[in-house]
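This report refers to the structure that appears directly beneath it.
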Amino acid sequence: MAGPGRGPRGPGHGPARCCHTRGVVTELASAEALRIGPLAVWPPVVLAPMAGITNVAFRRLCREHGAGLYVSEMITTRALVERNAKTMKLVTFAADEQPRSIQLYGVDPDVVGRAVAMVVEENLADHIDLNFGCPVPKVTRKGGGSALPYRRGLLERILRAATRAIDRAGSPVPLTIKMRLGIDRDHLTYLDAGRIAEDCGVAAVALHGRTAADMYSGEADWAPIAELAEVLSVPVLGNGDIWEADDAIRMMRETGCAGVVVGRGCLGRPWLFADLAAAFAGRPERRLPSLAEVAAAMRRHAELLADWLGEDRGLPDFRKHVAWYLKGFMVGSELRQRLGLVGSLAELDDLLGRLDTDQPFPITELGRPRGRGTGPRRVALPEGWLDDPFECAVPVGAELADSGG
Ligand SMILES: Cc1cc2nc3c(=O)[nH]c(=O)nc-3n(C[C@H](O)[C@H](O)[C@H](O)COP(=O)(O)O)c2cc1C
């Protein structure tokens, strides 16, 4: 990762021209560093913000394997400006984390503006992403996340409040947005939202190739990513269904996007970032860790969570990752179950010691979807939300109580 002021690529990185995997050769004419305002990101890879996942511990684990930009979990702006203790804890970065990237969520331009001002004035982060992609009902029901770009006027007010706060502070911190295609196929918003964002001065736009109604079903549609990249002058980042490093190269090649955002593909697989770094450097190697190496990654992850939250809260937080790490390996149901209830590092060591660690990586899992597979559903929206796409008022009761979601 090259920080501000450094060259477009880290030392020794050439353009990714060609990579070979499992008999496939994918050509990528050239991959430049991803430019996000003053930041140069190499390889052009972003860890997707994932609530409950991309905390300081997970980001550090991923950084230990690769390079790129690693975004925090979503932080609710209302809770941030109120200095809610739980939220302030989520705004934790490792001493060596560069750049520090935070994702903010908000619906009220005034609150978003105050939160952005707080981040830049108190030097809490080096990059701010705004969440306009969350599809969960508790968020869209209030007009937030993926529901918001439909109200073009409100979107513009929020973005102007955010950029004004940055400009007023004379800060170089770049602002980006992350969004979906729209509410559903009849209410697509990505082109309008992208143009509004560019007009308001955002440094890059990330697009997940699904609508809110899609949730996580089916396959992400990459064609709109190509369309948006064609239309906008600012960098467009592609997101959706990058399960392997070669999917990232393929997305760059097929869409002309400036970088990729990787979410579920790295759940239980932090070494995916090593594969991505290799692929973008044109190197063929891909990691296929044995169960012994996976167990070491699990131990490291749990230890980092314990460092951050203490063992009593860190180990329960680690439990949700166990099934992702062990996916495809032969592990007895009782041992799996006990790992899923682990309560201390000593217990984890004991249980990991019982694994048959000689097993090679289950290659049948490669390229397969991981994490959330929630099917399509009707999007919960505030009353009358679709009546006027240019409405700019803040919906009543729009704010979420705390962070995450
Ligand atoms: C558990 C989980 C939590 C998520 N939380 C957020 C979030 O806080 N903010 C956000 O913009 N997207 C969030 N997302 C969406 C991801 O950032 C990403 O857009 C989505 O998973 C599609 O990318 P993928 O196919 O690489 O997973 C979340 C996804 C998952 C699976």
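The values are calculated or read from the model by the stated rules, or taken from the named source; none is laboratory data. Keep in mind the model is a prediction, meaning the values are calculated, not measured. Cβ: placed from backbone, ideal geometry, glycine included. Neighbour counts: every protein chain shown.
Just checking, does segment 268-278 include any residue being crowded, with 19+ Cβ neighbours inside 10 Å, not assigned by TED's automatic domain parsing to the domain that holds A226 and not aliphatic (A, V, I, L, M)?
Looking for residues that are crowded, with 19+ Cβ neighbours inside 10 Å, not assigned by TED's automatic domain parsing to the domain that holds A226 and not aliphatic (A, V, I, L, M), one finds none in segment 268-278, hence no.
Could you identify the single residue in A85, A33, A79, A94 that is away from the ligand (no atom under 16 Å from the Cβ), modelled with pLDDT of 95 or more, aliphatic (A, V, I, L, M) and in contact with a Lys or Arg (Cβ under 8 Å, 6 or more places away or on another chain)?
A94 is the lone residue from the list that is away from the ligand (no atom under 16 Å from the Cβ), modelled with pLDDT of 95 or more, aliphatic (A, V, I, L, M) and in contact with a Lys or Arg (Cβ under 8 Å, 6 or more places away or on another chain).
Name the one entry in R319, R313, R338, R368 that is part of a loop (DSSP other than H, G, I, E, B), among the basic types (K, R) and either away from the ligand (no atom under 16 Å from the Cβ) or not assigned by TED's automatic domain parsing to the domain that holds G218 (or both).
Going through R319, R313, R338, R368 in turn, just one is part of a loop (DSSP other than H, G, I, E, B), among the basic types (K, R) and either away from the ligand (no atom under 16 Å from the Cβ) or not assigned by TED's automatic domain parsing to the domain that holds G218 (or both): R368.
Only one residue in G194, G145 is under 19 Å from D387 (Cα atoms) and in contact (Cβ under 8 Å) with a residue 12 or more places away in the chain, so which one is that?
Answer to the selection: G145.
Determine whether segment 284-291 contains at least one residue that is farther than 26 Å from L348 by Cβ, away from the ligand (no atom under 13 Å from the Cβ), out of contact with any strand residue (DSSP E or B) (no Cβ under 8 Å at 6 or more places or on another chain) and not assigned by TED's automatic domain parsing to the domain that holds M215.
Yes, the conditions are met somewhere in segment 284-291.
Quick check, is D275 of a type in the set (D, E, K, R) and part of a helix (DSSP H, G or I)?
Answer is yes for this residue.
Just to be sure before I move on: is G201 farther than 20 Å from L34 by Cβ and either at pLDDT 95 or above or assigned by TED's automatic domain parsing to the domain that holds V81 (or both) in the structure I sent?
Judged against the criteria, G201 is not a match.
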